[in-house]
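Structure first, commentary second.
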Amino acid sequence: MHNFLESKPSKKLYIETLGCAMNVRDSEHLIAELREKENYSLTEDVKEADLILINTCSVREKPENKLFSEIGAFEKIKKKGAKIGVCGCTASALGEKILKKAKNVDFVLGARNISKISQVIHQPKAVEVALDYDDSLYMFSKNVNSNFKALLNISIGCDKHCAYCIVPHTRGKEISIPLDLLLKEASKLASSGVKELLLLGQNVNNYGARFSVPHPKIDFTQLLSELSKIEGIERIRFTSPHPLHMDDAFLEEFAKNPKVCKSIHIPLQSGSTKILKSMKRGYSKEWYLNRIDYLKKLLPDVGISTDIIVGFVGESEEDFMESMSVLEYVRFDTLYSFIYSPRPFTPASTWEEGKVPKEIAKQRLQRLQDLHKKILTENSQAELGKVHKILIENNKQSEIETFSEGRSDTNRLVKIEDKFFNLGEFVDIKVTHVRNATLYGSPC
Ligand code: 5AD
Ligand code: SF4
């Protein structure tokens, strides 16, 4: 029998995702919900979209400014009758103000309210931004695009209230997702062919601190051990952990569990204990370096990435030089560096004394990035001759080059020239040469 529902042409969804991995995950949820419940399919052409979603970031001012220029640009080219929805962190932070400033926006959906997407598209001028809304038990529709790598939220929100950070005001208080839901979801992903999980949370290693239902006591170290028992899951990554919660037991599990990838993001923010204190990070430079030393003792070849903010209120040249010296000491593989950007709702945005002039902050950023470039080049040279197990992610062919590429356990991108492999295949590669930050190798 012919099913008329199935043959009904789908509506088109265009989605723009700004910001972090958490937003990428939220966009996957938005797409899955709209496909499953509202018969939408994705388009990359905004002109043919019936619904345009902008999933926003508000961690710094720049992406927030971009939002309003983007809305204006979409308005000019969109199809007649197409709706525009603003989702994510800026939606949470600005709420109703978005509707006032951009009259062509149809609804505003905060980062904590993503599961309400199929309701708000039918509510003209809806503003759903409640920070106490609990998405932690919600079962989102399945993302049919998932292949051999998948993102898995293990907690929502953040309780840390670092003095510069808007996230606790856009994503609300921290709630962990119950273990049984995570195990069920991870097993489902494994049976659909997923080999690598990226666990997501603002503060992953604070997992288990609060659930919204009665729950047996558990921490992140135990969660890693439980998830790694799932057959088919061969690699587990996570982001972001907080240096404060890196106890010995966690670092030891990280080091010895063969399924846990040997790369870790350890956000430093500043190398100066004085600045860390005013940032309310809860640790000192000494604690940070103590954790790095222990980690490197357990795993000398571990890959470490970090976040550093320059030009925070009160940062002197000496404070900045402490960030430089930690960079030099740890020799991070990847550095995400930012100029401090005052954000609404945050304590630091009201501090007048000790503001760092923009020009000085820019110079510091440049000096930090130059030092990192030098370190990265040296780190890459030290990779020559090493053998890495690569999970193949891409086969690319262009006029300039043909190659297969994937990531090592330590999260380095490795290219294999003039060869194609199956996506999702593990291949042992010996590093033969290095160009900028990219390693090149051949199968061994
Ligand atoms: N200004 C600059 N960088 C910030 N980050 C968070 N808030 C701010 C801000 N107000 C950076 C931190 C964080 C990363 C995701 O963004 O380094 O770890
Ligand atoms: Fe922001 Fe600090 Fe929470 Fe990270 S830990 S999301 S920097 S408040």
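Bear in mind that the values in this text are calculations on the coordinates, not laboratory data. The structure displayed is predicted, hence computed values, not measured ones. Cβ placement follows ideal geometry from the backbone for every residue including glycine, while neighbour counts extend to all protein chains displayed.
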| request: Provide the net charge surrounding Y283, with neighbours chosen by a C-beta distance below 10 Å and charges set as Lys +1, Arg +1, Asp -1, Glu -1. | output: +3
| field | FRET efficiency for L181 and D159, using Cβ-Cβ distance with R0 set to 22 Å, rounded to 0.05 | value | 0.60
| request: Would you calculate the separation in nanometres between label points at L413 and K79, each defined as 7 Å from the Cα along the Cα-to-beta-carbon direction? | output: 3.4 nm
| task | Would you mind computing the Rg to Rh ratio of segment 81-174 from its alpha-carbon coordinates, Kirkwood style for Rh? | result | 1.01
| query | Taking Cα atoms of the chain, Rg/Rh with Kirkwood Rh, to two decimals? | reply | 0.96
| note | Listed by chain and number, the residues whose amide H is under 5 Å from that of T402, excluding neighbours fewer than 5 places away on the same chain and using placed H, are D418
| remark: Taking the chain and counting helices only, DSSP H stretches of n ≥ 4 at -39,500 (n - 2.57) each over all residues, the nearest-500 ellipticity at 222 nm comes to -10000 deg cm²/dmol
| task | Could you calculate the FRET efficiency of N395 with K277 from 1/(1 + (r/R0)^6), where r is the beta carbon distance between them and R0 is 51 Å, rounded to 0.05? | result | 0.55
| query | Could you put E378, E234, E226 in order, starting from the residue whose Cβ has the fewest other Cβ atoms within 10 Å? | reply | E378, E226, E234
| Working from the pairwise distances between different alpha carbons, so that the mean of 1/r is found and then inverted, what is segment 387-443's Kirkwood radius in Å? | 10.9 Å
| message | Testing the spin-label approximation: label points 7 Å from Cα along Cα→Cβ at Q381 and Q366. State their distance in nm. | response | 2.5 nm
| message | Taking 0.36 nm per residue of sequence separation and subtracting the Cα-Cα distance, how much length would be gained by fully extending the chain between V24 and K217, in nm to one decimal? | response | 66.5 nm
| query | Hey, with R₀ at 25 Å, roughly what FRET efficiency would W351 and S118 work out to, going by the Cβ-Cβ distance, to 0.05? | reply | 0.05
| task | Can you tell me the dipole magnitude for segment 387-443 around its Cα centre, using point charges on the Cβ only (Lys, Arg +1; Asp, Glu -1), in Debye to the nearest 20? | result | 200 debye
| query | What nm distance separates the two modelled labels at K297 and S191, each placed 7 Å from Cα along Cα→Cβ? | reply | 4.4 nm
| said: Just to check I understand the Karplus step: with θ = phi - 60° and J = 6.51 cos²θ - 1.76 cosθ + 1.60, what whole-Hz values come out for segment 34-49, glycine and proline as x? | reply: 5, 5, 5, 9, 10, 6, 9, 10, 6, 10, 9, 9, 4, 5, 9, 6
| query | Cysteines of the chain lacking any other cysteine beta carbon under 4.7 Å? | reply | C20, C57, C87, C89, C158, C261, C444
| remark: Computed ³J(HN,Hα) along segment 13-26: with the Karplus parameters 6.51/-1.76/1.60, θ = phi - 60°, integer Hz and x for glycine or proline, the list is 10, 10, 10, 10, 10, 10, x, 8, 4, 4, 5, 4, 5, 4
| query | How would you rank E96, E231, E328, going from fewest to most other Cβ atoms within 10 Å of each one's own Cβ? | reply | E231, E96, E328
| Amide H contacts of C87 (H built 1.01 Å from N, under 5 Å, at least 5 apart or other chain) | I54, N55, T56, L109
| Whole-Hz couplings from phi, Karplus 6.51/-1.76/1.60, listed for segment 333-346; x for Gly and Pro | 6, 10, 10, 9, 10, 9, 7, 4, 10, x, 10, x, 6, 9
| request: Going by C-beta contacts inside 10 Å, put K80, K37 in order with the fewest on the left. | output: K80, K37
| Bridge type composition, the chain - antiparallel percent by DSSP, nearest 5 | 35 percent
| field | Fully extended contour minus Cα-Cα distance, from L131 to E44, at 0.36 nm per residue | value | 28.2 nm
| message | Just to be sure I understand: with springs between alpha-carbon atoms less than 10 Å apart, which residue in E425, E185, E318 has the highest mean-square fluctuation in the Gaussian network model of the chain? | response | E318
